[in-house]
1. Counting Lys +1, Arg +1, Asp -1, Glu -1, what net charge surrounds Phe152 among other residues with beta carbon under 15 Å of its beta carbon?
2. If R₀ is 41 angstrom, what is the calculated FRET efficiency for the pair Ala96 and Leu205, using the beta carbon separation as r and rounding to 0.05?
3. Using the alpha-carbon atoms, what tilt in degrees (0 to 90, nearest 10) does helix 141-160 show relative to the longest principal axis of the chain?
4. Given H placed 1.01 Å from N in the peptide plane, which residues other than close sequence neighbours of Val137 have an amide H under 5 Å from its amide H?
5. Loop-only check: which trypsin sites (Lys or Arg not before Pro) in the range 25-56 are DSSP coil with at most 11 other Cβ within 10 angstrom?
6. Taking the mean number of other Cβ atoms within 10 Å as a proxy for protection, how do you rank 191-199, 124-132 from highest to lowest?
7. Give, as a single signed number, the net charge of other residues whose beta carbon lies under 13 Å from the beta carbon of Val107, with Lys and Arg counted +1 and Asp and Glu -1.
8. Any idea what angle helix 165-188 forms with the longest principal axis of the chain, computed on alpha-carbon atoms, 0 to 90 degrees, nearest 10?
Amino acid sequence: MKLLTTCIGETTADYLSEHDLGIGIAIGAIALVLSLWWQFRSDRYRPVRYWLAVLMVAVVGTALADGPRFILGIPFFVNAIVFAAVLVGLFVWWYAAEGTLSIHSIVTRRREAFYWAVVMVTFGLGTALGDALATDVGLGYFASIFVYGALFAIPLVARRLGASAVACFWCSYTMTRPTGASVSDWLSFGPARGGLGLGTGLVSLIGLSLFALLLAWAVLRERARA
């Protein structure tokens, strides 16, 4: 579901930017605040609350990464460097304050706040990286799928070889973003941009439909465990 949210976040943000990026960011920000407020009121994992928050972070994180490029003309690689620096800073702050970066230790509101801040930045970083390779470098979206897919697989292999579970998790978590974004861009953009031309609206609709099905399955599975 995480990979699917990256696809939806990319195409939804692109769809909004095609109409009015400023209004899109404003609407997304309001929806994000409401979804996080709902999530923070939960005392345990609840699929609908959690995944709705992830989805809204995906949309807003994408818009935040695209905004500096489309509004100010800042290259995606520069955006990626800024997001990477912020991410490292958050990890250092989180570890200094809590002594761990493990998601299994998120049992306080402060740790959860660190978690969601990091998740937001990983979406922004992943978006900037994906667009930088596909457009700034000129590799294209289809080839980028395989590049980032390979980078996504590295932490999985490293974990099997004994690498830190926490480090591998956050590396793979970050790489899901450019991988999913490359897939969605390839599906939605036209042949002139190296895509299939399905359109951001249609790809978003398909993604949301699949997301709803998977979310329903997650809810049923959680109820069965209760």
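A short reminder: the numbers here are calculations on the coordinates, not readings from a lab. All values derive from a computational prediction rather than experimental measurement. Please note: Cβ atoms are built from the backbone with ideal geometry, for glycine as well, and neighbour counts cover all protein chains shown.
1. Every neighbour counted, the sum reads +4.
2. For Ala96 and Leu205, the calculated efficiency is 0.40.
3. Taking the Cα atoms of the chain, the angle to 141-160 is about 20 degrees.
4. Excluding prolines and chain starts, which carry no amide H, there are no hits.
5. Details: sites: Arg41, Arg44, Arg49; in loops: Arg41, Arg44.
Qualifying residues, ordered by number: Arg41, Arg44.
6. The peptides rank, most packed first, as 124-132, 191-199.
7. +1
8. Taking the Cα atoms of the chain, the angle to 165-188 is about 30 degrees.
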